[in-house]
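I have placed the structure first, in the form of structure tokens, so that the comments after it can refer back to it.
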Amino acid sequence: MLPVIGLVAALLLIWEGSKLLFGISDQRLPHLGDIVATMFTRTQGGNGPLLLVQMLINAWATLRVAMGGFFIGGLLGFGLALLFMRMPILERGLMPYVIGSQTVPILAIAPMVVVSLGRMGAEPWVAKIFVAAYLTFFPVTIGMLRGLRSASPQSLDLMRSYAASSLQTFWKLRLPASLPYLFASLKIAASASVIGAIVAELPSGSSEGIGVMILNAAQFYNSRPPALYLAILVAGLIGVVFYGLVALAERLIVKR
Amino acid sequence: MDTPIIEFERVSKIYQGGAGPVTALHDVTLRIAAGEFIALIGPSGCGKSTLMRLIGDLEQPSNGTVRIKAKTPDQARRDRDYGIVFQSPVLYDWRTIRKNVELPLEIMGRPKEQRHQRAMELLKLVGLGDFGDAYPHQLSGGMQQRASIARALSFAPSILLMDEPFGALDEITRERLQLELLSIWWEAEPRPTVIFVTHSIPEAVFLADRVVVMSPRPGRVQRVVEVNLARPRAFETREDPQFFALVTEVRECLRATETAG
Ligand SMILES: Nc1ncnc2c1ncn2[C@@H]1O[C@H](COP(=O)(O)OP(=O)(O)OP(=O)(O)O)[C@@H](O)[C@H]1O
Ligand SMILES: [Mg+2]
């Protein structure tokens, strides 16, 4: 707990210190106190819920999409890694496309996906999950493939000497040996899926999600700078929470 | 020697490496009887590991034939005739020590009760009775190697292949483990055949019934030295004049291979 308090104190010091030192105006960098204060203002002209509550409700909507995309993208990445391990020819043939898919900026793809899936009559969340999954499957493919190949030659020799079937070798050696690699990539994928979900919210004219909050706050930035900062902080919080969940799962699953 | 358990008939092994073919073994003929303790010694790169791997069906000969109990090495492997110990313990670090020892039995489909009991029995035998629930990283190098020996013995294989198993250990641990290995081997029923690769001349002489001395690349069997020291061997064996004489003999033999080239 002490490090956390220390960190918050340091952040406070740097934030307010640089405002003072460099004379940054409230318009460009609001006081931390003002950001905290906006959390407790009421929305919808004083009749709605607290701004913080509204932010958190929207954050939850984004986290749900991110998790959906994470799950689907994770499964896809896992499957591709298995496929590539069993058939290296496929790896050589398909890997360039997999890599290429990630070099195209997501900002360019997201609107295309949202629009075309929308025309096909899909619900808006389908497109959002698609984009989140799109950013997730790549790190999982790479990490899992690396993990599946991480078993040492000697540990494989042992399996051979026991006349283990390839299924037994997978379950008792390759898969457990891959877990540290898998979780490293899942942690990257967790934050990537949140980015995917937010980016997909921007062009869709959607009604919920932290992306929508960011857009709204940006629109009213001149009259109310702290709201945008709050929205950004909450967006960051989503990533931290998701990362934490994955790290927790790792602690429960990976024994040593 | 009546029907040998391991039979090499003019065996050669050529690796097709990136830098062209390497002849690791050339024209090796060797017969090993059931229950024998054989030490393999020779300069680095002379093909000791290769010879061991050919027995264990981890490599295929380029020429000649290898027979194990009159079977192919592949068949012997499917019959679970081999227990292997490498220089590093190769324990699976996500499994407890006991679970590591159970691994071969698990793969062979033995019932849980029996697995558990056998693992505990072997851990006691190698002096790790209290460490069954520890994870490998919590044990010293010597203890890890003991666990890996227990794992190799768990399914009572008839052939034990050991590639410099004590090579990474300090002298004190090493001499203790040599004695322990000998007593485990001596008391096992039926007694397994052991192929023990080593770089240490005293270790080879202390352990083996016969020391197979190999020449540098391409590896051949230079000579086989019979070790007629009484069994069971004990700490005092190392102080026996006959022991020194045999150590000298093997050393001379190794030097002869170096100069003969
Ligand atoms: N998989 C392989 N591919 C190509 N060459 C190999 C391979 N394995 C071994 N060799 C070569 O075969 C020769 C014999 O190797 P081997 O490992 O059997 O020697 P060794 O006697 O066990 O050596 P050391 O005492 O250093 O362990 C060496 O020259 C080595 O470079
Ligand atoms: Mg070797």
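Observations, loosely collected:
- Considering only the protein assembly as shown, percent of DSSP beta bridges that pair antiparallel, nearest 5: 55
- Only Lys, Arg, Asp and Glu carry charge here, each on its Cβ (+1 for the first two, -1 for the last two); on that basis chain A has a dipole of about 780 debye about its Cα centre.
- Mean residue ellipticity (222 nm) of chain A, computed from DSSP H runs ≥ 4 via -39,500 (n - 2.57), nearest 500: -26500 deg cm²/dmol
- Euclidean distance of C-alpha centroids, segment B:79-145 and segment B:40-58, integer Å: 25
- Computed over protein heavy atoms with a 1.4 Å probe, the carbon and sulfur contribution to the accessible area of the protein assembly as shown reaches 62%.
- Neighbours of A:Leu148, meaning other residues whose beta-carbon lies under 12 angstrom from its beta-carbon, give a summed charge of +3 when Lys and Arg score +1 and Asp and Glu score -1.
- Segment B:57-65 - phi-based ³J(HN,Hα) in whole Hz, Karplus 6.51/-1.76/1.60, Gly and Pro as x: 6, 9, 9, 10, x, 7, 9, x, 10
- Along segment A:215-226 the Karplus relation, 6.51 cos²θ - 1.76 cosθ + 1.60 evaluated at θ = phi - 60°, assigns HN-Hα couplings of 4, 4, 5, 5, 4, 9, 4, 4, 8, 8, x, x Hz to successive residues, with x for each Gly and Pro.
- Among the chymotrypsin sites (Phe, Trp or Tyr not before Pro) in segment A:37-85, those placed in a DSSP loop whose Cβ has at most 10 other Cβ atoms within 10 Å are A:Phe40.
- Burial of accessible area (probe 1.4 Å, heavy atoms of protein chains only) in segment A:213-256, relative to its chain alone, reaches at least 30 Å² for A:Lys255, A:Arg256.
- The angle separating the long axis of helix B:171-187 from the principal Cα axis of greatest extent in chain B is about 80 degrees.
- Among A:Tyr162, A:Tyr134, A:Tyr229, residue whose mean-square fluctuation peaks in a GNM of chain A (springs only between Cα atoms under 10 Å): A:Tyr162
- Rounded to the nearest whole Hz, the Karplus-based 3J(HN,Hα) values (6.51 cos²θ - 1.76 cosθ + 1.60, θ = phi - 60°) of segment B:223-239 follow the sequence 7, 10, 9, 7, 10, 9, 6, 5, 10, x, 7, 9, 3, 5, 3, 5, 9, with x at glycine and proline.
- To the nearest ten degrees, helix A:51-86 and the longest principal axis of the Cα atoms of chain A are 20 degrees apart.
- Counting charges near B:Cys46 (Lys, Arg +1; Asp, Glu -1) among other residues having Cβ under 9 Å from its Cβ returns a value of +3.
- For chain B, a Gaussian network of Cα nodes joined below 10 Å ranks B:Ala119, B:Ala188, B:Ala204 by mean-square fluctuation, and the top entry is B:Ala188.
- Dipole magnitude of chain B about its Cα centre (Cβ charges: Lys, Arg +1; Asp, Glu -1), debye to nearest 20: 660
- Angle in degrees between helix B:97-107 and the longest Cα principal axis of chain B, rounded to the nearest 10: 70
- Pairs of lysine residues in the protein assembly as shown that meet both criteria, 8 or more places apart or on different chains and Cα atoms under 26 Å apart, total 18.
- Segment A:184-248 versus segment B:192-261: alpha-carbon centroid distance in Å: 71
- Shielded residues, segment A:158-196 - accessible-area loss of 20 Å² or more between chain alone and all protein chains, probe 1.4 Å: A:Leu158, A:Met159, A:Arg160, A:Ser161, A:Tyr162, A:Ala163, A:Gln168, A:Lys172, A:Leu173, A:Pro176
- Summed buried accessible surface, chains A and B, 1.4 Å probe, nearest 100 Å²: 2100
- Total formal charge among the other residues, if their Cβ is under 12 angstrom from that of B:Asp133, Lys/Arg +1 and Asp/Glu -1: +3
- Projecting the Cα atoms of A:Gln27, A:Ile14, B:Ala188 onto the charge dipole of the protein assembly as shown (Cβ charges, centred on the Cα centre) puts A:Gln27 farthest toward the positive pole.
- Charges were assigned to the Cβ only: +1 to each Lys and Arg, -1 to each Asp and Glu. The resulting dipole of the protein assembly as shown about its Cα centre is roughly 1120 debye.
The values are calculated or read from the model by the stated rules, or taken from the named source; none is laboratory data. All of these numbers come straight from a predicted model, not from anything done at the bench. Cβ sites come from the backbone with ideal geometry, for glycine too, and all protein chains shown count toward neighbours. All accessible areas refer to the heavy atoms of the entire protein, side chains included, with ligands and DNA or RNA removed. Shrake-Rupley method; radii C 1.70, N 1.55, O 1.52, S 1.80 Å.
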